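The values are calculated or read from the model by the stated rules, or taken from the named source; none is laboratory data. Remember, predicted model here, so these are calculated numbers, not experimental data. Don't worry about glycine lacking a Cβ; one is built from the backbone with ideal geometry, like all the others, and counts go over all protein chains shown. To get the accessible areas, we keep the full protein, side chains included, count just its heavy atoms, and leave off ligands, DNA and RNA. Shrake-Rupley method; radii C 1.70, N 1.55, O 1.52, S 1.80 Å.
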Amino acid sequence: MTTILGCIADDFTGATDVAGLLARSGVSVSLRLGIPETPPSDAAPFEVIALKCRTAPVDEAVADCRAALAWLRAAGAERFFWKYCSTFDSTDKGNIGPVAEALMNDLGAAQTVYCPAFPENGRSIFMGNLFVGQQPLAESPMKDHPLTPMRDSNLMRLLAPQVTRAVGLADRLTVAKGADALQARLQELAADGVAHVVTDAVADADLAIIAEACRGMKLLTGGSALAMPLPGLYRQDGVLAADVPAPVRPSLPPGAVILSGSCSAMTNKQVAAYDGKGPGLRLDPLTLAEEGPDAALAWFAGQPAESNPIIYATALPEDVRAAQEKLGVARAGEMVEAALAGLARAAFEKGIRRFVVAGGETSGAVSRALGLTRLDIGAEIAPGVPWTYAQVDGEDVAITLKSGNFGDRDFFATALARLEA
Ligand code: ADP
């Protein structure tokens, strides 16, 4: 199957987010963890490549994104989406602008739009200024982000130092007039040599207009919400056949394991809410540091596969701090990640084929332990968190990777139930 749209995401969570929104269309979406090592042979209509380049050095980020673009083009894609965070996480150096400009050069695209708006999640853009809820970006908690502190709310001013060509604005007054008016404005800006157009959007209807007006552009850039209307437009245009078969889901043996290394407030609630629904084992980083993971592995080996056990290092902030003071932040994290990765592998060896994983870093560790390279997106469990299907050593598995605060209290039970539906 030829790829219709190729997305490049600057981090894993963002990739899952855009993949999940595209999958709502019912069309197959495949998420690649990093740039695939082999040329495309079984590409899906929508391909998303998850990179880890949000805060990488500019040269590295540009090289990775260009390599991802080359792979997507080889898969047949002619339209591309550069997905970054809805809070425009970047520095004066990049990487949003430099990557967009490099992709435009490779594609011969004279102009692109920048629209990180996600109105449903409180990210809106007006007169080029990005708001997080009711606060301008630079007054939101993003002003104190450790790696990409956002100290200006104006996307034109943020973007200008990151690119070599001119930056302009298509404002909300134009967008509200509809796709034709927006196209006319984009042409006017193009005639003035403006290559990078920040585009206002305060509601989903604005995103629908922007997607309609810009769907012919080789490259679109923004948050995941701008990608959501694209499958419907491609169907209207006949680019995507109306009768693309729905993805086939493997049938999996019963039995799941829940592995939680996130210590976020929501994950703490989720672990508490799962109490009594399956056997549970709490991992303590200090014990792991002294005695290794053997006791946990032995406990796990004794649990019936169909009992859906949970193993968690999830702890309250004071316990996390205590462990970090004794072991150091990095070592405490490594102990937990290594143990959960080993348990994931043990679960697979034991015949478990359903995995629920909580924590961004934890998800990375488990994905590496299972050797995951491709995830086919399935049913959404919570906004931004889908079930996915993958192959491990030639066997089908289902896995959901939930970062930090995603999902509601009952996420674990909901996830297990959703897979049965
Ligand atoms: P989140 O998505 O919530 O940020 P992550 O998995 O990305 O979750 O990060 C949590 C980090 O905290 C991981 O490195 C994990 O190994 C570490 N960790 C988990 N439990 C504990 C604990 N009890 N004490 C100290 N560190 C922990």
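Some notes on this structure:
- When A315 is tested against (1) exposed (fewer than 15 other Cβ atoms within 10 Å of the Cβ); (2) within 21 Å of G364 (Cβ to Cβ); (3) of a type in the set (A, V, I, L, M), just one condition goes unmet, and that condition is (1).
Per-residue answers, yes or no, for (1) over 19 Å from T267 (Cα atoms); (2) open to solvent by 70 Å² or more (accessible area, probe 1.4 Å):
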{"position": "L327", "(1), (2)": "yes, no"}
{"position": "G342", "(1), (2)": "yes, no"}
{"position": "F355", "(1), (2)": "no, no"}
{"position": "T373", "(1), (2)": "yes, yes"}
{"position": "E380", "(1), (2)": "no, no"}
{"position": "Y389", "(1), (2)": "yes, no"}
{"position": "D396", "(1), (2)": "yes, no"}
{"position": "G407", "(1), (2)": "no, no"}
{"position": "E420", "(1), (2)": "yes, yes"}
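- Residues that are more than 9 Å from the ligand (Cβ to nearest atom) and either farther than 19 Å from P293 by Cα or acidic (D, E) (or both) number at least 2 in the following helices (runs of 4 or more DSSP H) confined to the stretch 314-398: 317-327.
- Candidates L416, L401 - the one that is out of contact with any helix residue (DSSP H, G or I) (no Cβ under 9 Å at 6 or more places or on another chain) and either closer than 19 Å to I311 by Cβ or within 16 Å of the ligand (Cβ to nearest atom) (or both): L416
- For F412, the conditions (1) at pLDDT 95 or above; (2) buried (at least 23 other Cβ atoms within 10 Å of the Cβ); (3) under 19 Å from A23 (Cα atoms) all hold with the exception of (3).
- D284 fulfils the conditions (1) open to solvent by less than 50 Å² (accessible area, probe 1.4 Å); (2) at pLDDT 95 or above; (3) touching a helix residue (DSSP H, G or I) at 6+ places or on another chain (Cβ under 9 Å) except for a single criterion, (1).
- For the stretch 264-279, filtered to residues that are in a helix (DSSP H, G or I), among the small types (G, A, S) and under 19 Å from V336 (Cβ atoms), the residue that is farthest from the ligand (Cβ to nearest atom) is A272.
- A single entry from E306, E290 fulfils the requirement of being of a type outside the set (A, V, I, L, M) and over 32 Å from the mean Cα position of the chain (by Cα): E290.
- Residue match in the stretch 226-233 (condition: in the same structural domain as V18 (by TED's automatic domain parsing) and not in a helix (DSSP H, G or I)): yes
- Complete set of residues in the stretch 280-313 that are within 20 Å of F348 (Cα to Cα), in a helix (DSSP H, G or I) and within 14 Å of the ligand (Cβ to nearest atom): A296
- Among the candidates V257, V248, residue that is part of a strand (DSSP E or B), farther than 22 Å from L69 by Cβ, hydrophobic (A, V, I, L, M, F, W, C) and over 22 Å from the mean Cα position of the chain (by Cα): V257
- Matching residues, the stretch 43-63, being touching a residue at least 40 places away in the same chain (Cβ under 8 Å) and either open to solvent by 20 Å² or more (accessible area, probe 1.4 Å) or within 20 Å of N95 (Cβ to Cβ) (or both): V48, I49, A50, L51, K52, C53, R54, T55, V58, A61, V62
- Within the stretch 121-138, being farther than 18 Å from L21 by Cβ and out of contact with any Phe, Trp or Tyr (no Cβ under 9 Å at 6 or more places or on another chain) holds for F126, M127, G128, N129, F131, V132, G133, Q134, Q135, P136, A138.
- When restricted to residues that are surrounded by fewer than 24 Cβ atoms within 10 Å (Cβ to Cβ) and either β-branched (V, I, T) or on the phi > 0 side of the Ramachandran plot (or both), the stretch 7-29 contains 3.
- Sole residue being among the basic types (K, R), at pLDDT below 95, open to solvent by 30 Å² or more (accessible area, probe 1.4 Å) and closer than 20 Å to A44 by Cβ, chosen from R249, R215: R249
- Helices (runs of 4 or more DSSP H) lying entirely in the stretch 123-215 (those with 3 or more residues that are more than 28 Å from the chain's Cα centre (by Cα)): 179-191
- Pair list, Cβ < 6 Å and 6+ apart or interchain, from the stretch 324-344 residues that are free of Cβ contacts under 8 Å to residues at least 40 places away in the same chain to residues that are more than 8 Å from the ligand (Cβ to nearest atom) and not acidic (D, E): A341/V366; A341/A369
- Looking across G97, G26, one residue alone is modelled with pLDDT of 95 or more and under 20 Å from the mean Cα position of the chain (by Cα). It is G97.
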